1. Using 10 Å bins from zero, what percent of all Cα-Cα pairs in the range 53-115 falls into each bin?
2. Would you please give the residues with an amide H less than 5 Å from that of W92, counting only those at least 5 places away or on a separate chain, with H modeled from the backbone geometry?
3. Near K77, which lysines are there with a Cα under 23 Å away, not counting those fewer than 8 places off in the same chain?
4. Applying the Karplus parametrisation 6.51 cos²θ - 1.76 cosθ + 1.60 with θ = phi - 60° to the phi angles of the range 87-98, what ³J(HN,Hα) value in whole Hz is obtained for each residue in order, glycine and proline being reported as x?
5. Ranked highest first by the average count of other Cβ atoms within 10 Å around their residues, in what order do 87-95, 69-77, 105-113 fall?
6. Please give the net charge around K68, taking every other residue with its beta carbon less than 14 angstrom from that of K68, where Lys and Arg add +1 and Asp and Glu add -1.
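Bear in mind these aren't lab numbers, they're just calculated from the coordinates by the rules spelled out. Because the structure is predicted, anything quoted here is derived from the model rather than measured. Here the Cβ positions follow ideal geometry from the backbone for every residue, glycine too, while neighbour counts run over all protein chains shown.
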Amino acid sequence: AAARPEPAAPAEPEAAKPAEEEDAPIPMSAARRAIIPAGQPLPPQPSANEISPEALAKVSEVEKGAKKLTLMELTEKTCKWPVGDPATDQFWFCGLPTQSGKPYCEAHVGVAFQPMSSRRDRRR
C-alpha cells in the first residue's frame, strides 16, 4: 500500500511569531539611507578658504538682519539658508527674500553657487 503523506502542521497565528521577527529592521531604500539621522554630523560645509572674502563679509552683514525663521515659517519666497546647529534652539533659517529662481537670498546665493574654477583656485 502507498504511504500516506502526513498532514501539514497548522499555520501559526500572527501573534505567535517570535519576538525577533517582530522587531526585525525594515529594509530602507537607497533614498532613505541618504537622509542623515538627527544627532549625526552634518555634511561638510564650504570652508572659509573656499568662499571669497567679499561673499563672507556680505553673508555676515545679511545674517545680522535675517528674519530667523523656523522650518514651518519658510515659503517659496524666503531664503532657506540654515544657520547654526539643528540640534539646538539657536538654529534658524535666513528668511530674507529669495533671488529669482534660487532657494536663497542674494548673499547666500553668492556662497552656495560659486564657479568650480574659482573654488579650486582658492584652495591652492
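1. 25, 54, 21, 1
2. When sequence neighbours closer than 5 places are left aside, the close amide H contacts are V83.
3. Those lysines meeting the cut-off are K58, K64, K67, K68, K102.
4. 7, 10, 6, 8, 7, 7, 10, 3, x, 6, x, 7
5. Values: 87-95: 15.0, 69-77: 10.6, 105-113: 18.4.
Final packing ranking: 105-113, 87-95, 69-77.
6. Values: positive: K64, K67, K80; negative: E63, E73, D89.
Result for the local shell: 0.
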